[in-house]
Amino acid sequence: MCNRIDTLLIGGGFFGYAQEIATALEARNRRVKWFEDRPATDTITKSLVRLAPALVAKKANTYFDGIIAQVRHEPIRDVLVIKGESLSVSSIHKLRAAFPQARFTLYFWDSYLNMPKDSTEKVPLFDSAFTFDPIDAQSDHRLRYRPLFFLDEYANLPEVSRDIDVLFFGTGHSDRFAVLNRLARALPQDVRFERLLYFPSRLIYAARHILYPSFWTAPRKEFIYKPLSKAAIKVLIARSKVIVDIERRVQNGLTMRTIEMLGAGKKLVTTNDKITGADFFSANNIAVIDRRHPKLDVTFLDSPYEPPHPNILRRYSLSGWLDEVLPNRY
């Protein structure tokens, strides 16, 4: 009886963060079962979920029916859905019918503009709904604004020499390649600027190279096609003075990278001007640049980092995120 599942977590793997949430909940004596929020995670299915959801709707509904059948007899007291990209309104109704005593919580770590059109219809089916996007929270008062979190490991980076002045690492989506080229031209020549742009496959690179003007001048060697390990990423961050963040144009929320650098105690250069309204914003630690005409004062690179108040760090840790999104009511 002690091994019965009490928390159902539905959310995309997203670089391991769903598993980290499950682990943190288990540390709070919760017994968690985690499922992807899509029926499959291959490139074709992920693309169809985003671009043509009707083509995978039947497959998705069957997938969630299977989840309900698998855990129907468990004493589920919390259902936490993170984004729920292919979770339909009808599947949510089925979940609520299967677990009528459970508390249902929704967290969007994406913006309405970048999610399925029925995302707004899902909100009233939950007891609580949160978003990382401040603009979505302002326009839809059913949503509570709650930024993302950092993992404890980012507050404990390895001790290495800081030989990189400016670092960018991330997926090569949207206009990132173009923005990074502009920033590189704006920096003094003696500034060491390292950038690692990742594509899941050379096929995706080839498609972007053909379809998107910002990639027409992007040589294949500028990208990596195998994701870096978490350990390698942490070493790169530790070696760097400043980290660059470039959000998608359709997003206003603070990226995971932004919050991770808060935990890591690293200076940040970002194209997201919404950060100036954050309770941890400091012009000494964070520089906002224009993605079309980026400029960076070199004194920003050399001035020492000013640590935020411990209460701020607590709030943006994973524990602080759980305290707000899924508070213990038992």
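Name all residues of the range 242-259 having a backbone nitrogen under 19 Å from the label point set 7 Å from the Cα of Glu222 along its Cα→Cβ direction, giving them as ranges. Once the point is set 7 Å along Cα→Cβ of Glu222, 244-249 turn out to lie under 19 Å by backbone N, inside the range 242-259. Per residue of the chain, the DSSP helices (runs of n ≥ 4 H) give a summed -39500 (n - 2.57) that works out to -9500 deg cm²/dmol at 222 nm. Rounded to the nearest 20, the size of the Cβ-charge dipole of the range 7-146 about its Cα centre is 320 debye, with Lys and Arg at +1 and Asp and Glu at -1.
Taking a ≥ b ≥ c as the square roots of the eigenvalues of the Cα gyration tensor of the range 7-146, is the shape rounded (a/c under 1.5), prolate (a/b larger than b/c) or oblate? Taking the square roots of the gyration eigenvalues as a ≥ b ≥ c, the range 7-146 is rounded. If you run the Gaussian network model on the chain, springs between alpha carbon atoms under 10 Å, then out of Lys267, Lys58, Lys234 the most flexible one is Lys58.
When Thr271, Thr105, Thr217, Thr120 are sorted by how many other C-beta atoms sit within 10 angstrom of their C-beta, beginning with the fewest, the order is Thr217, Thr120, Thr105, Thr271. Between Gly13, Gly84, Gly263, the residue with the greatest mean-square fluctuation in the GNM of the chain (Cα pairs under 10 Å linked by springs) is Gly13. Take the cross-link list Lys33/Lys117; Lys221/Lys295; Lys226/Lys266; Lys33/Lys274; Lys59/Lys122 and give me the ones stretching past 23 Å between alpha-carbons. In this structure, Lys33/Lys117; Lys221/Lys295; Lys226/Lys266; Lys33/Lys274 lie more than 23 Å apart at Cα.
Using only side-chain charges placed at the Cβ, +1 for Lys and Arg and -1 for Asp and Glu, the dipole size of the chain relative to its Cα centre rounds to 740 debye. Positive-end ranking of Tyr225, Leu125, Ser240 along the dipole of the chain, with charges on Cβ about the Cα centre, is headed by Tyr225.
Converting phi to 3J(HN,Hα) with the Karplus coefficients 6.51, -1.76 and 1.60 and the offset θ = phi - 60°, the range 153-167 yields 4, 6, 8, 9, 6, x, 7, 9, 6, 8, 9, 10, 6, 9, 10 Hz in sequence order, with x at every glycine or proline.
Of all DSSP-defined beta bridges confined to the chain, some 0% are antiparallel rather than parallel. Taking amide H as placed 1.01 Å from N in the peptide plane, Arg103 has its amide H under 5 Å from the amide H of Asp78, Val79, each at least 5 places away in sequence or on another chain. Need the C-alpha centroid separation for the range 270-285 versus the range 158-188, integer Å. Cα centroid of the range 270-285 versus Cα centroid of the range 158-188: 18 Å apart.
Here the calculated FRET efficiency for Ala155 and Thr41, from their Cβ-Cβ distance with R0 = 22 Å, stands at 0.15, rounded to the nearest 0.05.
Could you work out how much longer the chain between Ile210 and His309 gets when fully extended? Use 0.36 nm per residue separation minus the Cα distance between them, nm to one decimal. Present the calculation step by step, with values, prior to reporting the outcome.
Details: separation 99, 0.36 × 99 = 35.64 nm, distance 4.72 nm.
Residue separation times 0.36 nm, minus the Cα-Cα distance, leaves 30.9 nm.
With the Kirkwood sum run over all distinct C-alpha pairs, the chain has a hydrodynamic radius of 21.3 Å.
For Ile243, the residues whose modelled amide H falls within less than 5 Å of its own, excluding neighbours fewer than 5 places apart on the same chain, are Leu167, Lys267, Leu268, Val269.
For the range 173-330, a simple Cβ point-charge model (Lys and Arg +1, Asp and Glu -1, everything else neutral) yields a dipole of about 680 debye relative to the Cα centre. Rounded to 0.05, the FRET efficiency of the Ala97 and Val235 pair, given R0 = 45 Å and the Cβ-Cβ distance, is 0.40.
Short-range pairs are left out: with C-alpha atoms under 8 Å and at least six residues apart, the relative contact order of the chain is 15 percent.
Quick note: the coordinates plus some simple rules give every number you see, no bench work behind them. What you see is a predicted model, and the numbers here were worked out from it, not measured in a lab. We place every Cβ from the backbone using ideal geometry, glycine too, and count neighbours over all the protein chains shown.
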